[in-house]
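The values are calculated or read from the model by the stated rules, or taken from the named source; none is laboratory data. Everything numeric here is computed off the predicted structure, so don't read it as measured data. Note that each Cβ is placed from the backbone with ideal geometry, even for glycine, and that neighbours are counted across all protein chains shown. The protein model used for the area step is the full one, side chains on, heavy atoms only, and it has no ligands, DNA or RNA in it. Shrake-Rupley method; radii C 1.70, N 1.55, O 1.52, S 1.80 Å.
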Amino acid sequence: MSAPFRCGTVSVVGRPNVGKSTLVNALVGFKVSIVAPKPQTTRHRIAGVLSRGDGQIVFVDTPGLHDAAGNAINRRLNRTARGALGEADVVALVVDSRRWTGEDEAALAAAVDCGRPVVLVLNQVDRIADKASLLPTIAELARRHAFAAVVPVSAAKRDNLEALVRAILDLLPEGPPMFGPDQVTDRSERFVVAEQVREQLVRRLHAELPYATTVEVEAFKRERKVLKVAATIWVEREGQKGIVLGAGGAQLKHIGIAARREIERLLGGRCHLALHVKVREGWSDDEAALRRFGYAD
Ligand SMILES: Nc1nc2c(ncn2[C@@H]2O[C@H](COP(=O)(O)OP(=O)(O)O)[C@@H](O)[C@H]2O)c(=O)[nH]1
Ligand SMILES: [Mg+2]
């Protein structure tokens, strides 16, 4: 007899920068979520769907759980991540296999709190030279909680992902698929476009600038096979505008070129991308502005 078809939702949680989004993208086989070596890269709850013969797994990527202090957007990011735990059949707690921190401890507490089975994912094992040292690490972490499974992986190298998928499928309920076989995300193309611009902002800007920017798509239409997009990059203060523009507008030009290439690669076909920079004073600490820019709970 063949195995039953299983389907369910897996909330992928953990502190910032451990590789949650990289992992979801690798599992789904499509860039549903942007990636950068900085906190706040992921600001939304984003579903990535893995469909195969024996089941469908809806991975929910989340903002990193971090120490709660901070402004309105930081509190909202934590709420978004915690909210995703409520809808999970299974929780995947992602950690950096090289170190365990206080924020990992807090993320574990939040995961355990939701009462679902927790699979511990030890990511970035490609960065561990002595693989034998993983065994005592696994043994030590297994003492912290009765994890449903502990799986070492490398999201970046796509190493041991099948073992993770197997462990998760075994924990999901039997049931029909929730998404069509070709659907990889619950997010619109418009959202994907805004995120590629934000990824370039996070990657290319430094200090507080990545956290002071957000992207709003104003126009989005297809004209004779060309996707025409106009988007606004919002900053918090007048002085930040010049930094995003760069000397003679060079920085903004590079951001636009890189984002357009990513959009064309992901969505196929040509894209025309027009970017503008505007100031909305203190938007990241302003609940009304956060709602307008799509940061829902
Ligand atoms: N070497 C290595 N780097 C990784 C791995 N997974 C993620 N990264 C890097 O870690 C950084 C943060 O990744 P991201 O997925 O955005 O982390 P998130 O904040 O947890 O979603 C990025 O620079 C990734 O390229 C991995 O398995 N190995
Ligand atoms: Mg992320």
In segment 39-58, the residues that are within 8 Å of ligand 1 (Cβ to nearest atom) and either in contact with a strand residue (DSSP E or B) (Cβ under 7 Å, 6 or more places away or on another chain) or modelled with pLDDT of 95 or more (or both): T41, T42
Number of positions in segment 259-285 that are more than 22 Å from L205 (Cα to Cα) and surrounded by 15 or more Cβ atoms within 10 Å (Cβ to Cβ): 3
Residue match in segment 70-91 (condition: open to solvent by less than 10 Å² (accessible area, probe 1.4 Å), within 23 Å of R127 (Cα to Cα) and assigned by TED's automatic domain parsing to the domain that holds A163): no
Some residue of segment 143-155 being open to solvent by 20 Å² or more (accessible area, probe 1.4 Å) and part of a helix (DSSP H, G or I): no
Qualifying residue in segment 104-122 (condition: of a type in the set (G, A, S), modelled with pLDDT of 95 or more and part of a strand (DSSP E or B)): no
One residue from S11, S2 being modelled with pLDDT under 95 and either in contact with a Pro (Cβ under 9 Å, 6 or more places away or on another chain) or not hydrophobic (A, V, I, L, M, F, W, C) (or both): S2
Unique match (being touching a strand residue (DSSP E or B) at 6+ places or on another chain (Cβ under 8 Å), assigned to a helix (DSSP H, G or I) and within 10 Å of ligand 2 (Cβ to nearest atom)) among V12, V94, V18, V24: V24
Single residue of A259, A247 found to be under 25 Å from the mean Cα position of the chain (by Cα) and of a type in the set (G, A, S): A259
Residues of segment 223-238 satisfying the condition of being part of a strand (DSSP E or B), open to solvent by 20 Å² or more (accessible area, probe 1.4 Å) and touching a residue at least 24 places away in the same chain (Cβ under 8 Å): V226, K228, A230, W234
Some residue of segment 103-115 being among the β-branched types (V, I, T) and within 16 Å of ligand 1 (Cβ to nearest atom): no
Filtered residue count, segment 27-76, keeping only those that are among the small types (G, A, S) and either in a strand (DSSP E or B) or within 14 Å of ligand 2 (Cβ to nearest atom) (or both): 7
Pairs where the first residue, in segment 18-29, is in contact (Cβ under 8 Å) with a residue 40 or more places away in the chain and open to solvent by 10 Å² or more (accessible area, probe 1.4 Å) and the second is within 13 Å of ligand 2 (Cβ to nearest atom) and of a type in the set (F, W, Y), C-beta under 9 Å, 6+ apart: L27/F59; V28/F59
Subset tally (residues that are farther than 23 Å from G115 by Cβ and at pLDDT 90 or above) for segment 67-82: 6
